[in-house]
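Quick note: the coordinates plus some simple rules give every number you see, no bench work behind them. Bear in mind the structure is a predicted one, so any value in this text is a computation, not a measurement. Don't worry about glycine lacking a Cβ; one is built from the backbone with ideal geometry, like all the others, and counts go over all protein chains shown.
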Amino acid sequence: MALHITVKIKLTGTYADKVRVEAASRRMSLAALTAEYAMRGLDAEAQDGSELAGFERRIAATILASRSDLEAVQAELDTVAAMLDTFVKLMLVHLPEPGTEKEATQASALARYERFIQQVGMAFEGDRPQALKKIGELIQQRIGTAEENQ
C-alpha cells in the first residue's frame, strides 16, 4: 500500500479564483478539489486508459466530494454543541433554585454548570471535541481580555 503524502499548494490570480468558484459550486473543500486535480493530472500522464483505473478515479472523486459534505455536517454539529452549551449555562444561571439569596443561587447554578460540562466531556471520545476546545480557548481569551480591561 502506498504511503500518504501531504502537500501545500499556493495558487494566485485567476487560478485561485477558478478553484474557489469551482469548490463552492461543487460544495467541496479547497483541499479536496486540489487533490482531485492532482490525481487527474497524474492519471492523464499515465495514459493507462484501463477501465479499472477510471473506476478507481471516479471512486476517489466521489469520496473526496462526500468528505466536504461531512465537513459541513461536522461544522453544523459543532455549532449546535456550542449553542446548546450556551443555552444550558444561561438556563442554569437565570432559572435559579428556590431561595432568596442571589449570590448563593448563582454560585449553585455555576456549580451545576461545571458538573454539566464534566458530564459532557466524558461523553466524547477520540479527537472529536477539537472544535469545542477551540471555542473554549476563544472564550478564555475573551474572559482574559475582559478581566484586563476592568
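Overview of results
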{"quantity": "The stretch 55-90 residues near the modelled T145 label - backbone nitrogen below 16 Å, point 7 Å along Cα→Cβ", "calculated": "none"}
{"quantity": "Estimated inter-spin distance, L77 and L30, nm [label 7 Å along Cα→Cβ]", "calculated": "2.5 nm"}
{"quantity": "Peptides 61-67, 6-12 ordered by average Cβ neighbours within 10 Å, highest first", "calculated": "61-67, 6-12"}
{"quantity": "Per-pair calculated FRET efficiency, R0 = 30 Å: E137 and H4 via Cβ, rounded to 0.05", "calculated": "0.55"}
